[in-house]
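*Asks:* Let me begin by handing over the structure; questions about it come next.
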Amino acid sequence: MVNDNKDHLNEIFHALADSTRREMVHMMSQKERTVSELAEPFDMSLAAISKHLKVLERANLVERKVNGRTHLCRLNTESLSQATEWLRFYERFWSNRFDILENELLKAKKKEH
């Protein structure tokens with residue numbers, strides 16, 4: 001199970017490593033989008049947009065609903081939450097380290113005066 005979680009996080013971070021996909025995620029954070037709407041701001045073919053969407057779907061960041069010829073894409077916030085939780089751990093880790101560093105610098109400054 002732990003390995004599955006690592007693999008899933010790898011997929012998520014791989015998907016988010018690309019600026020086009022991050023922008024698509026941002027667009028879907030506001031509302032569901034059709035593939036055409038997602039493609040609109042980019043200078044690339046619908047086939048290229050579709051490949052980006054497949055990467056997001058493999059990472060389980062996007063769910064696609066097909067209604068006739070219309071493909072509606074929406075953000076899967078649960079997968080995004082898993083990545084956020086992983087990042088929060090390291091945020092707490094570094095915040096703690098910076099607090100320790102700040103205290104040491106204040107002690108050194110007091111010794112100087």
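*Asks:* From (1) out of contact with any helix residue (DSSP H, G or I) (no Cβ under 6 Å at 6 or more places or on another chain); (2) assigned to a helix (DSSP H, G or I); (3) touching a residue at least 12 places away in the same chain (Cβ under 8 Å); (4) not aromatic (Phe, Trp, Tyr), pick out the condition that doesn't hold for Arg21.
*Replies:* Answer for Arg21: the failing condition is (1).
*Asks:* Out of everything in the stretch 27-64 that is of a type in the set (Gly, Ala, Ser) and surrounded by 18 or more Cβ atoms within 10 Å (Cβ to Cβ), what residue ends up being farthest from Thr77 (Cα to Cα)?
*Replies:* Per the criteria, the residue is Ala39.
Quick grid of which residues meet (1) loosely packed, with under 10 Cβ neighbours inside 10 Å; (2) modelled with pLDDT of 95 or more; (3) within 17 Å of the chain's Cα centre (by Cα); (4) aliphatic (A, V, I, L, M):
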{"site": "Val25", "(1), (2), (3), (4)": "no, yes, yes, yes"}
{"site": "Thr70", "(1), (2), (3), (4)": "no, no, no, no"}
{"site": "Ser79", "(1), (2), (3), (4)": "no, no, yes, no"}
{"site": "Leu105", "(1), (2), (3), (4)": "no, no, no, yes"}
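*Asks:* In the stretch 33-89, what residues are touching a Phe, Trp or Tyr at 6+ places or on another chain (Cβ under 9 Å), aliphatic (A, V, I, L, M), in a helix (DSSP H, G or I) and in contact (Cβ under 8 Å) with a residue 40 or more places away in the chain?
*Replies:* Residue satisfying the conditions is Ala83 alone.
*Asks:* Of (1) part of a helix (DSSP H, G or I); (2) within 18 Å of the chain's Cα centre (by Cα); (3) surrounded by 13 or more Cβ atoms within 10 Å (Cβ to Cβ), Asn10 satisfies all except one. Which?
*Replies:* (3)
The values are calculated or read from the model by the stated rules, or taken from the named source; none is laboratory data. The shown structure was predicted, so the numbers you read here are calculated from the model rather than taken from an experiment. For neighbour counting, all protein chains shown are included, and Cβ atoms are generated from backbone atoms with ideal geometry for every residue, glycine included.
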